[in-house]
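This report concerns only the one structure given below.
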Amino acid sequence: MKGKKLLGMFSILKTLWVVFLHLFKRKVTVLYPEEKPYIPPRWRGRIILSRDPDGAERCVACYLCAAACPVDCISLQATEDEYGRRYPEFFRINFSRCIFCGYCEEACPTYAIQLTTDFEMSEYNRQNLVYEKEDLLISGTGKYHGYNFYKVAGLSIKGKEKGEGENELPPVDVKGLMP
Amino acid sequence: MSQTVIHLIMVFGVLGVMMSIAAGLIWVERRLLGLWQDRYGPNRVGPLGMLQPLADVIKILAKEDWVPPFADRPVFTLAPAIVVITVLLVFAVMPFAPGIVVADLNIGVLYFLAMSSLGVYSVALGGWASGNKYSLIGALRASAQMISYEVFMGLSIMGVVMMSGSFDLRRIVEAQRGLWYIVPQFIGFAVFLVAGVAETHRLPFDLPEAESELVAGFHSEYSGMKFGLFFVGEYLGITLISMLITTLFLGGWYGPVLPPVVWFFIKTFFFIGFFILLRAALPRPRYDQLIRIGWKLMLPLSLLNIVVTGGIMLAAR
């Protein structure tokens, strides 16, 4: 028993030595601003609004993202242009509330709202975290290239009647007798 | 006249050096702890993060200096100052090199023991005046720990005092010209080291603070610069104990080639590093274990050391 206790003293000295050797071990710290960490492509970061391949806004102001948002950080107002095409009059995301859950992206029927890999959004002024539409809109299509909602939606807007888009069949004549 | 000026330079020089070391140790400790835990530690402020203490001081001075309404206000304010003052007073008798000493006191060792006993008041009064039960438990633990470890801390030095025949720290160093006392007084050295850790209530003997059980113990109610003073006191305590180990057991300023002051500080910083290594490596013992080690192992060991040393000295005469 006494011998064991004396040996225990040496285990303390060994502990000290092992910890001391860690001075020369490789450090696990990632020195962040100089050394960027790997960000997976599906990372849920800063939210953007994407555009059609034609360059028009994809957002149709359906409010589904605002409804899906668990922290109510999205606010928008729908309006229509002269072609009968819906778009948001304003679109505002308060990133000081946003929890980056990605529900808005899941809810979006037109692939307009998307989460990106950017996470470096620090601001000195809290108000600067409220992003307006011009801050959110990007010039490209984001993750979904070539998708154009109005070309496949079966919806008539000015310049395109029902069934005139790609992948669209002409509407069924419900009063006709043909199968 | 010129004697007075030299004395003044010495006093403020020692004060300035000690305060800078205490501040610098904030960085040294965090950096070393980081390295031993496979991290880097603070490395952003200034070169290698060396301006971190400055940033810390600015932060701590800008903080609200809050005294809880249930605290005993005068005592609460006084307590943090006591620890700094008592430790700083001991540096007055520290012989850094031949001629570099503020007061060449012929009872230096006793003076150190007296001042470190007074340091208990800081912790005890701070914990008592906080009006918080955790602080009080911390203060009680600190008092019990420091009183019981002081007993054999004093006894462990007695071997050195017997061999050198003096309580004067300068004379003790000069007596080690041939052989450092760590060799003949190894038990005394080991006991003093353990007692020193307990005396500064550093990990692994930081029972009075014990964050995981007492939420910082005696200083849980302290904030701002008052809290900062406890910290400065702790780092000054580490420096003091390291310097005393150097003086009493490692031949103080003696060493080849380099000037005496450099040797003194090399040895001191070796022990400061060792203190930090202890913190990085060892877990905290239980309270009853701590007290038991003190009374049942360390006290008999130091008494035995005195008896054996005395016996050998008598036989050699």
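The values are calculated or read from the model by the stated rules, or taken from the named source; none is laboratory data. Just so we're clear, the structure is a prediction, and the values are computed from it rather than from any experiment. Cβ atoms come from the backbone with ideal geometry, glycine included; neighbour counts cover every protein chain shown. Side chains are part of the model used for accessible areas, which takes the heavy atoms of the whole protein and leaves out ligands, DNA and RNA. Shrake-Rupley method; radii C 1.70, N 1.55, O 1.52, S 1.80 Å.
Worth pointing out:
- Within the stretch B:306-317, residues that are surrounded by 10 or more Cβ atoms within 10 Å (Cβ to Cβ) sit with their Cβ atoms under 9 Å from residues that are not in a helix (DSSP H, G or I), at 6+ positions apart or across chains, in these pairs: B:THR309/B:PRO184; B:THR309/B:GLN185; B:ILE312/B:PRO184.
- Taking residues in the stretch B:31-45 that are farther than 16 Å from B:ARG279 by Cα and within 9 Å of chain A (Cβ to nearest Cβ), and partners anywhere that are open to solvent by less than 40 Å² (accessible area, probe 1.4 Å) and assigned to a helix (DSSP H, G or I), the pairs with Cβ atoms closer than 9 Å and at least 6 places apart or on different chains are B:TYR40/B:ARG31; B:TYR40/B:GLY34; B:TYR40/B:GLY49; B:ASN43/B:ARG31; B:ASN43/B:GLY34; B:ASN43/B:GLY49; B:ASN43/B:GLN52.
- Failed condition for B:LYS267, given (1) within 14 Å of another protein chain (Cβ to nearest Cβ); (2) more than 24 Å from B:GLN145 (Cβ to Cβ): (1)
- Test result for B:PRO260, in contact (Cβ under 8 Å) with a residue 40 or more places away in the chain, more than 22 Å from B:LEU113 (Cα to Cα) and of a type outside the set (A, V, I, L, M): yes
- Lone qualifier among B:PRO204, B:PRO300, B:PRO283 - being under 24 Å from B:GLN145 (Cβ atoms) and part of a helix (DSSP H, G or I): B:PRO300
- Counted residues, the stretch B:106-133 - those being open to solvent by 10 Å² or more (accessible area, probe 1.4 Å), closer than 15 Å to B:MET94 by Cβ and touching a residue at least 24 places away in the same chain (Cβ under 8 Å): 6
- Residue check, B:THR247 in contact (Cβ under 8 Å) with a residue 40 or more places away in the chain, away from chain A (no Cβ under 14 Å) and in a helix (DSSP H, G or I): yes
- In the stretch B:151-174 there is no residue that is open to solvent by 20 Å² or more (accessible area, probe 1.4 Å) and farther than 25 Å from B:LEU110 by Cβ.
- Candidate set: the stretch A:30-70, residues that are within 14 Å of another protein chain (Cβ to nearest Cβ) and among the hydrophobic types (A, V, I, L, M, F, W, C); chosen: the one least open to solvent (accessible area, probe 1.4 Å): A:LEU31
- Qualifying residue in the stretch B:224-232 (condition: at pLDDT below 85, open to solvent by 10 Å² or more (accessible area, probe 1.4 Å) and in contact with a strand residue (DSSP E or B) (Cβ under 7 Å, 6 or more places away or on another chain)): no
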